[in-house]
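Quick note: the coordinates plus some simple rules give every number you see, no bench work behind them. Treat the numbers as computed from the prediction; the structure is a model and nothing was measured. With ideal geometry, Cβ positions are generated from the backbone for all residues, glycine too; neighbour counts draw on all protein chains shown.
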Ligand SMILES: *[C@@H]1O[C@H](CO)[C@@H](O)[C@H](O)[C@H]1NC(C)=O
Ligand SMILES: *[C@@H]1O[C@H](CO)[C@@H](O)[C@H](O)[C@H]1NC(C)=O
Ligand SMILES: *[C@@H]1O[C@H](CO)[C@@H](O)[C@H](O)[C@H]1NC(C)=O
Ligand SMILES: *[C@@H]1O[C@H](CO)[C@@H](O)[C@H](O)[C@H]1NC(C)=O
Ligand SMILES: *[C@@H]1O[C@H](CO)[C@@H](O)[C@H](O)[C@H]1NC(C)=O
Ligand SMILES: [Ca+2]
């Protein structure tokens with residue numbers, strides 16, 4: 001019974017009752033038919049669907065077994081962490097179990113025995129699915145909260161990361177940021193990334209255990225203190241740029257940067273009381289389904305939206321095949337209270353059969369040709385059905401025709417290529433001497449200088465003569481007394497007066513003599 005009450009309490013703030021059905025069967029003057037609405041799945045405990053990774057390797061305590069103690073009992077270091085003993089092990093999964101026995105189970109790091117080297121740990125949570133946060137993220141630390149930590153998020157399954165919130169007992173010292181509180185943010189700064197000192201000060205490890213990322217306080221800026229005015233929040237989510245994305249994540253990362261210090265400086269003689277211990281990470285949110293689904297299920301290891309409105313994809317992010325007569329759009333919370341479904345429409349519903357593969361919203365009838373054609377094809381497409389790529393673009397063979405990335409720019413090198421068109425595999429047509437898919441390379445025996453030019457000299461067939469050196473395949477640098485493209489001509493053969501004063505007569509002998517002279521000059525210079 002107690003558990004049921006807890007469950008109900010847990011659900012109350014989440015079950016707003018809005019946008020929970022995608023369609024209903026209604027009777028109108030024209031008979032019964034479906035009516036469609038914007039819809040979204042219920043919020044869930046997202047920790048049940050997460051995969052976790054803790055870095056660096058070896059940061060989890062117990063291998064080898066080690067002793068530790070607590071700030072409350074700093075001289076009784078008899079507690080033990082031993083990865084090989086289930087009763088004494090503290091693996092990462094204990095951050096996500098349910099604790100109904102009353103006894104906290106927790107992941108624990110090694111102790112700070114390497115002080116003053118920092119004790120760093122990353123806890124990375126991945127869903128392989130975009131999630132919209134609907135309530136605070138709550139991280140519970142047994143034995144004290146870190147004095148410095150950072151929360152990061154990713155929106156692209158961990159490819160790129162962005163700071164989400166900074167936490168420190170002294171924000172200025174730790175991050176050179178002024179301390180701020182989420183409660184003090186305004187409507188224009190609701191998605192600001194800030195540093196807070198509220199969750200890092202020492203207050204006794206039993207008293208204050210949680211570190212929060214305050215989603216509710218940010219919602220409250222729009223919806224009021226008890227989140228009563230959700231309509232206003234939904235309106236803002238639709239209209240304020242970046243606000244929806246701010247609450248959307250695919251991954252979260254806690255970067256633990258300095259453990260609890262017990263309210264004082266680090267005591268080097270007892271480093272066994274410094275470590276991290278996390279008993280729970282609560283993440284409440286809903287699957288992002290672009291307002292095209294009210295169910296999200298766990299299938300083959302990942303959450304997936306059960307898409308309606310003839311959309312498809314993990315997030316209902318595109319139109320189903322044969323429903324692409326206009327571009328895909330997310331559903332909208334507006335107009336209140338039921339929103340707009342922005343459903344995908346079947347090809348052939350307008351103007352006979354004009355499919356535009358989602359690259360155009362409009363078709364037009366051309367009278368004298370008696371055809372219907374797509375108008376203003378987007379995404380660099382062209383053609384009656386936007387089925388071709390514009391000149392200067394080629395078809396992406398791994399993308400379907402309705403993909404936004406279907407046409408790739410040829411990107412031909414302007415100097416090396418004949419024009420900016422390319423063939424179906426992206427190869428440009430090269431001018432003489434140029435090569436490579438984009439004509440930005442030169443064939444062997446050519447050099448690049450605003451285009452490809454045949455080599456003047458090289459190390460093989462076009463050797464510079466008489467001790468000349470080849471400069472970047474462009475010209476021979478000839479020794480004094482020689483000229484010609486390959487330094488093949490002695491100046492005195494051409495012009496008798498060049499021979500005056502030249503020591504020796506023979507070409508190569510002259511070079512040797514010059515070399516000796518140069519060495520002598522250098523020797524004098526050193527004296
Ligand atoms: C934690 O992740 C950040 C990137 O988000 C990385 O720069 C850092 O090296 C990681 N730290 C550890 C201890 O793995
Ligand atoms: C992520 O989800 C997609 C779509 O459901 C699935 O195809 C893919 O295998 C998943 N990747 C991992 C690493 O679980
Ligand atoms: C989706 O397509 C089906 C036909 O397969 C149709 O009955 C249904 O009304 C369509 N739904 C929407 C929202 O357009
Ligand atoms: C080709 O399309 C795929 C699938 O949409 C996309 O992931 C990839 O980035 C595209 N390639 C290029 C070069 O744009
Ligand atoms: C495109 O041109 C390259 C280089 O000339 C050639 O190897 C390739 O086969 C061509 N691709 C097609 C589809 O014609
Ligand atoms: Ca636990």
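Side notes on the structure shown:
- Inter-probe distance in nm under a simple model that places probes 7 Å from Cα toward Cβ, at residue 206 and residue 27: 6.6 nm
- Part-to-part distance (alpha-carbon centres) for the range 252-324 and the range 142-172, which is given in Å: 14 Å
- Distance between the modelled labels on residue 117 and residue 403, one decimal in nanometres: 4.5 nm (7 Å Cα→Cβ projection).
- Short-range pairs are left out: with C-alpha atoms under 8 Å and at least six residues apart, the relative contact order of the chain is 12 percent.
- Residues residue 188 and residue 418, FRET efficiency given R0 of 51 Å [Cβ-Cβ distance, rounded to 0.05]: 0.45
- Listed peptides 108-120, 36-48 appear in the order 36-48, 108-120 once ranked by packing, highest mean of other Cβ atoms within 10 Å at the front.
- Full-stretch length increase - residue 320, residue 368 - with 0.36 nm per residue and alpha-carbon distance subtracted: 14.0 nm
- Under the shape rule built on the C-alpha gyration tensor, where the axes satisfy a ≥ b ≥ c, the range 291-338 is oblate, since a/c reaches at least 1.5 while a/b does not exceed b/c.
- Between residue 391 and residue 160, residue separation times 0.36 nm minus the direct Cα-Cα distance comes to 79.9 nm.
- Helical mean residue ellipticity (222 nm; -39500 (n - 2.57) per DSSP H run of 4+; nearest 500) of the chain: -3500 deg cm²/dmol
- Gyration tensor (alpha-carbon) shape descriptor, the chain, a/c threshold 1.5: oblate
- Acute angle (nearest 10 degrees) that the helix 2-11 long axis makes with the longest principal axis of the chain, alpha-carbon atoms: 50 degrees
- Degrees, to the nearest 10: 230-239 long Cα axis against longest axis of the chain: 10 degrees
- Once the Cα-Cα distance is subtracted from the 0.36 nm per residue extended length, the residue 459 to residue 443 segment shows a gain of 4.2 nm.
- Estimated FRET transfer efficiency when R0 is 22 angstrom, pair residue 298-residue 53 (beta carbons, to 0.05): 0.70
- Spacing of the modelled spin labels on residue 469 and residue 346, each 7 Å from Cα toward Cβ, amounts to 7.8 nm.
- Spatial separation of Cα centroids for the range 402-461 and the range 90-109, in angstrom: 60 Å
- Cα-based shape type of the range 149-196, given that a ≥ b ≥ c are square roots of the gyration tensor eigenvalues and the cut on a/c is 1.5: oblate
- Separation between Cα centres of the range 187-239 and the range 70-89, rounded to whole Å: 35 Å
- For the chain, share of DSSP beta bridges that run antiparallel, in % to the nearest 5: 95 percent
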